[in-house]
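Take a look at the structure set out below.
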Amino acid sequence: MQDKSIHLKNQSSLFLIEVIIAVFFFAITAVVCIRIFVKSHNVTDESRELTKGYIEADNMAQVFMNSGANIEVIVSRYSEYAVVLSQEGNYTGTIVICYDSDFNPIEHPTDDITYTINSTAYELVLTQKLEDSSDTYNDCSSGSLQGYACTATISIYDVELSDDLITDTYQEDISVYEDNKILTLPLDLYLGDIDTEL
């Protein structure tokens, strides 16, 4: 009879050990799966952010090209959203558009600064300058492109990663916010001989 109870205890102990091992492997598998799902969610969010940012940057690039790089025309296209940070003539300057967390532009951002600061999740910054076309297109044969060209950079910044708006310190030192930059889109447009006094 004692042999039978010892045998049952051994079977119970063996079964308990098997259950503990199964639970252990299940726990390890669950941790790995949860980490994969979290990583997948983060990649999806980053991809969504990059896609929306690129769409906005591409829209601005199209306006830049279609306007002939004229800041006044660009601002008139985004009249409810754009803020001119600096401007020298019609072809050199910096424009900013603030977006909320869903990449909707914030209307009239200078009307209520507190609302703009609290609502802004992303900033699109267009910086452009007028240059001699020979400097911009120095790889082309000399003399083929006379006049001027406008070079520009469209950058999208994630403001949620910082304590303040990027454009508050934009003119001082934007390099501090390089980690906040989602994307950069360089552009150039050949303008030819134009009146730079306009």
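The values are calculated or read from the model by the stated rules, or taken from the named source; none is laboratory data. Note that the structure is predicted; figures quoted are calculated from it, not measured. So basically every Cβ, Gly included, is an ideal-geometry build from the backbone, and we count neighbours across all protein chains shown. The area values use the complete protein model at the heavy-atom level, side chains included, leaving out ligands, DNA and RNA. Shrake-Rupley method; radii C 1.70, N 1.55, O 1.52, S 1.80 Å.
In Å, the Kirkwood hydrodynamic radius of the range 1-111 over pairs of distinct alpha carbons?
With all distinct Cα pairs of the range 1-111 included, I get 19.6 Å.
Between Ala22 and Leu183, what length in nm is gained on full extension when 0.36 nm per residue of separation is reduced by their alpha carbon distance?
Contour length minus the Cα-Cα distance gives 53.3 nm.
Can you work out ³J(HN,Hα) from phi for every residue in the range 63-78, in order, using Karplus 6.51 cos²θ - 1.76 cosθ + 1.60 and θ = phi - 60°, giving whole Hz and x for Gly and Pro?
5, 4, 5, 5, 8, x, 6, 7, 4, 4, 5, 4, 5, 5, 5, 10
Each residue of the range 88-103 in turn: what ³J(HN,Hα) in whole Hz from Karplus with 6.51, -1.76, 1.60 and θ = phi - 60°, glycine and Pro shown as x?
Values, residue by residue: 10, x, 8, 10, 10, x, 9, 10, 10, 10, 9, 10, 7, 5, 9, 6 Hz.
Can you send over the carbon and sulfur percentage of the accessible area for the range 80-133, probe radius 1.4 Å, protein chains only?
For the range 80-133, the apolar C and S fraction of the accessible surface comes to 42 percent.
Tally Lys/Arg at +1 and Asp/Glu at -1 over every other residue whose Cβ is under 13 Å from the Cβ of Thr136; what's the total?
With Lys, Arg at +1 and Asp, Glu at -1, the neighbours total -4.
Can you give me the distance in nm between label points at Ile117 and Asp195, each placed 7 Å from the Cα along the Cα-to-Cβ direction?
4.3 nm
GluC sites (Glu not before Pro) within the range 80-160: which are DSSP loop residues with at most 15 other Cβ atoms inside 10 Å?
In loop regions of the range 80-160 (DSSP not H, G, I, E or B), the sparsely surrounded GluC sites (Glu not before Pro) are Glu80, Glu107.
Please work out how much length the chain gains when fully extended from Ser86 to Tyr137, using 0.36 nm per residue of separation minus the C-alpha to C-alpha distance, in nm with one decimal.
Fully extending the segment from Ser86 to Tyr137 adds 15.8 nm.
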